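Since the structure comes first, as structure tokens, the remarks are kept for the end.
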Amino acid sequence: MMLAENSIQLVPDGTLLLHFLFIGVMVAVLGRTFLRPINQILKERERRVRESLSEAKATASAIEDKRNRYQSELRQARIEGYRLLEQVRAGAMKEREVRVLLVKEELGEWASSQEANLRKQEEQARRELEAQASTIGTLISSQILGRGTH
């Protein structure tokens, strides 16, 4: 009990209303003089943040559009490059085929001329052999007959 007697006892009286009135006046004064400018600064900051965010989103969207356009143009350039390479390759293949055909024709003509040349040489050799055979045959027969007569 002794403890309760020494402690401060709060009993509501008329000063409590006076304290509430002072607190209300203080809140109103502070609200007009101090908190209103801070709130305006905070609202301005929030507005700027929203504007910056919308600008950043617009910039990001523009970057994305440009990146997509770049990739599309790059893809088209690759397709065009591959198409040109294919045209060059096809042209080279046609040129190669033409050259192969020309070489085949040249080889065919050369083979025909060589074959004709061989036939001529064969015919000439046959005539020479026939002439030589006749001469050798005469020589052999004269030697055989000439010996047999001795």
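In the list LEU129, LEU145, LEU118, LEU84, which residue meets the criterion of being open to solvent by less than 100 Å² (accessible area, probe 1.4 Å) and assigned to a helix (DSSP H, G or I)? Explain how you work it out, then say what you get.
Working: LEU129 fails: open to solvent by less than 100 Å² (accessible area, probe 1.4 Å); LEU145 fails: open to solvent by less than 100 Å² (accessible area, probe 1.4 Å); LEU118 fails: open to solvent by less than 100 Å² (accessible area, probe 1.4 Å).
Among LEU129, LEU145, LEU118, LEU84, only LEU84 is open to solvent by less than 100 Å² (accessible area, probe 1.4 Å) and assigned to a helix (DSSP H, G or I).
Kindly indicate which of GLU106, GLU123 is open to solvent by 90 Å² or more (accessible area, probe 1.4 Å), assigned to a helix (DSSP H, G or I) and not hydrophobic (A, V, I, L, M, F, W, C). Full working, then the answer.
Details: GLU123 fails: open to solvent by 90 Å² or more (accessible area, probe 1.4 Å).
On inspection, the qualifying residue turns out to be GLU106.
The values are calculated or read from the model by the stated rules, or taken from the named source; none is laboratory data. What you see is a predicted model; the values in this text were computed from it and never measured. With ligands, DNA and RNA removed, areas are computed over all heavy atoms of the protein, side chains included. Shrake-Rupley method; radii C 1.70, N 1.55, O 1.52, S 1.80 Å.
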